[in-house]
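Have a look at the structure below, then the notes.
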Amino acid sequence: MNLIELTEDLMNSGKFISQTLFEVLKLLNPANIDSVFKNMKIGRPGMLRFYIVLMAFPLFLGYFFYLSTFQNTGSLYSQDDSIKVAFRYYVISVLLPITMAYALYLFDTRLLKRKVTYAEALTLFTYALSPGILGGFFRIIDQTFVLHILLIMYTIYLIFAGMSARFGEEHITLPYLFLILSGMICGIIVFVALTAVLGISPGKY
């Protein structure tokens with residue numbers, strides 16, 4: 001790959017990230033939900049995964065700075081503990097939309113009676129989960145933590161609203177519950193696995 005091709009790839013990546021982020025920010029206004037999901041531009045899976053990896057970084061920073069700062073007031077979290085715990089939540093936030101998208105793609109006809117491409121499923125869950133992931137930055141201090149929780153709750157609603165807009169509300173109740181359950185199981189498995197692999201002490205959440 002020469003310099004010109006690399007420059008073009010970087011420009012395309014930057015353009016895609018900015019356009020996706022713009023659409024995600026529009027979802028903060030509930031009045032835009034139907035139009036955003038119905039008219040969403042299906043992204044390439046590689047670019048979407050890159051977007052998720054990048055957009056989850058504020059969540060890592062939010063948890064890391066909260067834990068590493070909180071230790072000065074008597075917490076048992078060392079800086080090493082803070083990095084490990086923040087990294088655990090970072091990995092969960094990256095894998096969650098990817099796992100839920102793959103579950104929808106894998107069981108599409110059984111769940112919705114229609115084909116869903118992996119790119120469409122990943123675009124849907126990237127849009128829906130982005131507010132909760134980006135809201136991880138609000139974890140940085142106790143006074144704004146409630147905003148993080150509210151954005152996570154809004155994200156759960158966005159999954160339902162997005163599926164309803166794309167596939168019809170009459171078809172998505174059971175698929176929605178199945179995908180939420182799949183996401184929860186994925187999160188628990190990754191949480192337990194990373195706790196063991198990283199050697200995070202019990203009680204450090």
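When you go through Ile140, Ile185, Ile180 one by one, which is the residue that is modelled with pLDDT under 90 and among the hydrophobic types (A, V, I, L, M, F, W, C)?
Details: Ile185 fails: modelled with pLDDT under 90; Ile180 fails: modelled with pLDDT under 90.
Going through Ile140, Ile185, Ile180 in turn, just one is modelled with pLDDT under 90 and among the hydrophobic types (A, V, I, L, M, F, W, C): Ile140.
Per-residue answers, yes or no, for (1) more than 21 Å from Ile140 (Cα to Cα); (2) in contact with a Lys or Arg (Cβ under 7 Å, 6 or more places away or on another chain):
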| position | (1), (2) |
| --- | --- |
| Phe37 | yes, yes |
| Gly46 | yes, no |
| Arg88 | no, no |
| Phe107 | yes, no |
| Ala121 | yes, no |
| Phe125 | yes, no |
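Can you give me the ranges of the helices (runs of 4 or more DSSP H) entirely in segment 93-205 with at least 1 residues that are in contact (Cβ under 8 Å) with a residue 40 or more places away in the chain and within 15 Å of the chain's Cα centre (by Cα)?
On the way: elements: 108-112, 118-134, 145-167, 173-198.
Hits in segment 93-205: 118-134, 145-167, 173-198.
The values are calculated or read from the model by the stated rules, or taken from the named source; none is laboratory data. From a predicted model like this one, the values you see are computed outputs, not experimental measurements. Cβ coordinates were reconstructed from backbone atoms using ideal geometry, including for glycine residues, and neighbour counts include every protein chain displayed.
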